[in-house]
Amino acid sequence: MRPVARVAAPTTFATASRRGNDWLARNPNSTARPPAYWREFNIDLGRGFKFLCGYMAQWITEGTVDHFVSINEDRSRAYDWDNYRYVGGWVNSSKQNVASGDILDPYEVEEGWFEILLPTLELVVTSKVPPEKRARAEQTLNRLPIGRDARAIKKRGIYYDEYLNKEIDLAQLWRRAPLLAAAIEKRQATRPDAMNPGAERPAV
């Protein structure tokens, strides 16, 4: 996770929001999932997030509109634009039953709170997280599959290998996987010969 600026709602969202809230008003006791009008704005939200997953901080092709406060937790926020985050589909699915108060909101994360370790590619919490938010930061990694989950490691590994094989440069990596780019720059600063493109990838 890394800082992301809050995304403004598209002008056309108001109509979709009214339709959705009208449905909620007509079906106050329904256990059915509300109509997914938010999907119409996937691209708008993704563009605001630079198509980086709000939790993985990595470019994704399967981005979805995530309800930070899930529909299971509060149905009244189903059509609240301020409740939407751009997230990878598999991460979104994993947090449906996670209480919003247990994890960090991508919009509240500040620079340097998380980093990727090399060569393991694990995402960890740093000492820069304020003490009052550290427990939630740790919970974010425990409750969501973004820290050491095999899928997360694999996705980072793809970009890592592309960089080491000179298929992409560091500037491209900053756009696609900024936390990984930061980890490589940090490693190069302390061990200049360790992370040169074309070098063999260290064993995980």
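Tabulated results
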quantity	calculated
Every residue from region 37-79 that is free of Cβ contacts under 8 Å to residues at least 12 places away in the same chain, part of a loop (DSSP other than H, G, I, E, B) and farther than 21 Å from ARG176 by Cβ	ASP74
Residue satisfying condition, being within 18 Å of ASN92 (Cα to Cα), surrounded by 12 or more Cβ atoms within 10 Å (Cβ to Cβ) and at pLDDT 95 or above, within set ARG151, ARG136	ARG136
Region 75-117, residues that are surrounded by fewer than 17 Cβ atoms within 10 Å (Cβ to Cβ), farther than 26 Å from PRO130 by Cβ and among the hydrophobic types (A, V, I, L, M, F, W, C)	none
Those residues of region 158-176 which are surrounded by fewer than 17 Cβ atoms within 10 Å (Cβ to Cβ), part of a helix (DSSP H, G or I) and not charged (D, E, K, R), in sequence order	ILE158, LEU170, ALA171, GLN172, TRP174
Flag if ILE146 is in contact with a Cys (Cβ under 9 Å, 6 or more places away or on another chain), touching a residue at least 12 places away in the same chain (Cβ under 8 Å), closer than 25 Å to HIS67 by Cβ and among the β-branched types (Val, Ile, Thr)	yes
LEU179 being crowded, with 17+ Cβ neighbours inside 10 Å, in contact (Cβ under 8 Å) with a residue 60 or more places away in the chain and part of a helix (DSSP H, G or I)	yes
Scan of region 80-109 for residues that are touching a strand residue (DSSP E or B) at 6+ places or on another chain (Cβ under 7 Å) and either without any contact (Cβ under 8 Å) to a residue 12 or more places away in the chain or in a strand (DSSP E or B) (or both), ordered by number	TYR84, ARG85, TYR86, VAL87, GLY88
Residue check, PHE13 of a type in the set (A, V, I, L, M, F, W, C) and over 30 Å from ALA150 (Cα atoms)	yes
Qualifying positions in region 1-46 - charged (D, E, K, R), exposed (fewer than 14 other Cβ atoms within 10 Å of the Cβ) and under 26 Å from SER94 (Cβ atoms)	ARG6, ARG33, ARG39
Residues being in contact with a Gly (Cβ under 7 Å, 6 or more places away or on another chain) and of a type outside the set (A, V, I, L, M, F, W, C) - total across region 51-65	3
Among the residues listed as THR120, THR126, the single one being modelled with pLDDT of 95 or more, hydroxyl-bearing (Ser, Thr, Tyr) and touching an Asp or Glu at 6+ places or on another chain (Cβ under 8 Å)	THR126
Count of region 3-41 residues which are in contact with a helix residue (DSSP H, G or I) (Cβ under 7 Å, 6 or more places away or on another chain) and either at pLDDT below 95 or of a type in the set (Phe, Trp, Tyr) (or both)	3
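The values are calculated or read from the model by the stated rules, or taken from the named source; none is laboratory data. Predicted model, so just to flag it, every value in this text is computed and none were measured. Every residue, glycine as well, gets a Cβ built from its backbone with ideal geometry; the counts of neighbours run over all protein chains shown.
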